[in-house]
Amino acid sequence: MSLFVRKESPPRLDHHQDYRPFLRRDFCCRCAYCERTEAFLGGEESFEIDHFKPVHTFESAGQATYYENLYYSCAKCNRYKGGVWPSPRMVAQGLRFADPCREDMYQEHIRETPDGTLNVLTSCGRYTCQHIRLDRPSLMAWRRMKLEKAEERRQLEQLKSMLELELSNPEQMRPNVAALNAVISDIKRRFAI
Ligand SMILES: [Zn+2]
């Protein structure tokens, strides 16, 4: 199942930029391609609206505001993807962009590895990775950090649950506080904060 599922039903609007509030909600304030968040990238200003099927392939001007073809994208992914679009012959060979609204691209076509690199599984994954440059260093760093933070969050959630359960018994809290301190020290050490 795809990560992004459209729930909004906007009215027909004049310009593709007018759909931005709807797209922000449908894409949960994340880039459709690299999946980075507005919170991580410093806000909405870092995001643009991508025509999944590029404008130069349109047969009529009306297609420019077709909501289903508009994708919320960080500026970098949008710029790299640009006007690239495969020919019918390439599509027949599986060389096409993975569609983050129709398939789980990070499962079906590409897999993240613990060191932040990507394993490409299909021709579609290769084409997508190559043209959006999903293997660029900033995205490798994002994926590594995401994995680290997921593990830290798991540990913190575990500690929180234990502390909540044991609030009535202060003696049993000592090892949990020690474990919490260990996690905090590790964050301080690795990020120099
Ligand atoms: Zn992106």
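Annotation: extensible slack from S123 through E68 equals 17.4 nm (criterion: 0.36 nm per residue apart, minus Cα-Cα distance). Spin-label pair Q172-L147: with each label point 7 Å from Cα along the Cα-Cβ axis, the two points sit 3.5 nm from one another. When D50, D104, D115 are sorted by how many other C-beta atoms sit within 10 angstrom of their C-beta, beginning with the fewest, the order is D115, D104, D50.
Comparing G43, G83, G125 in a Gaussian network model of the chain (Cα springs below 10 Å), the most mobile by mean-square fluctuation is G43. Determine the relative contact order of the chain: mean sequence separation of Cα pairs under 8 Å and six or more apart, normalised by residue count, in whole percent. The value is 17 percent. With the Cα gyration tensor of region 146-191 giving a ≥ b ≥ c as the square roots of its eigenvalues, does the rule (a/c under 1.5 for rounded; else a/b larger than b/c for prolate; else oblate) give rounded, prolate or oblate? Oblate is the answer for region 146-191, as a/c is 1.5 or above yet b/c matches or exceeds a/b.
Which entries of K76/K188; K7/K76; K81/K146; K7/K160 have Cα-Cα distances beyond 28 Å here? The partial results should precede the final answer.
Values: K76/K188 30 Å; K7/K76 26 Å; K81/K146 23 Å; K7/K160 34 Å.
Exceeds cut-off: K76/K188; K7/K160.
Volume per residue for the chain equals 151 cubic angstrom (convex hull of Cα atoms). Relative contact order, whole percent, for region 1-100 stands at 30, derived from Cα pairs under 8 Å and 6 or more residues apart.
List the residues of region 5-33 whose backbone N lies under 18 Å from a point placed 7 Å from the Cα of S46 along the Cα-to-Cβ direction. Counting backbone N atoms under 18 Å from the label point, the list is 24-25, 27-33.
All of the numbers you see were taken from the coordinates with simple rules; none came from a lab. Because the structure is a prediction, the values reported are computed rather than measured. Virtual Cβ from ideal backbone geometry, glycine too; neighbours counted across all protein chains shown.
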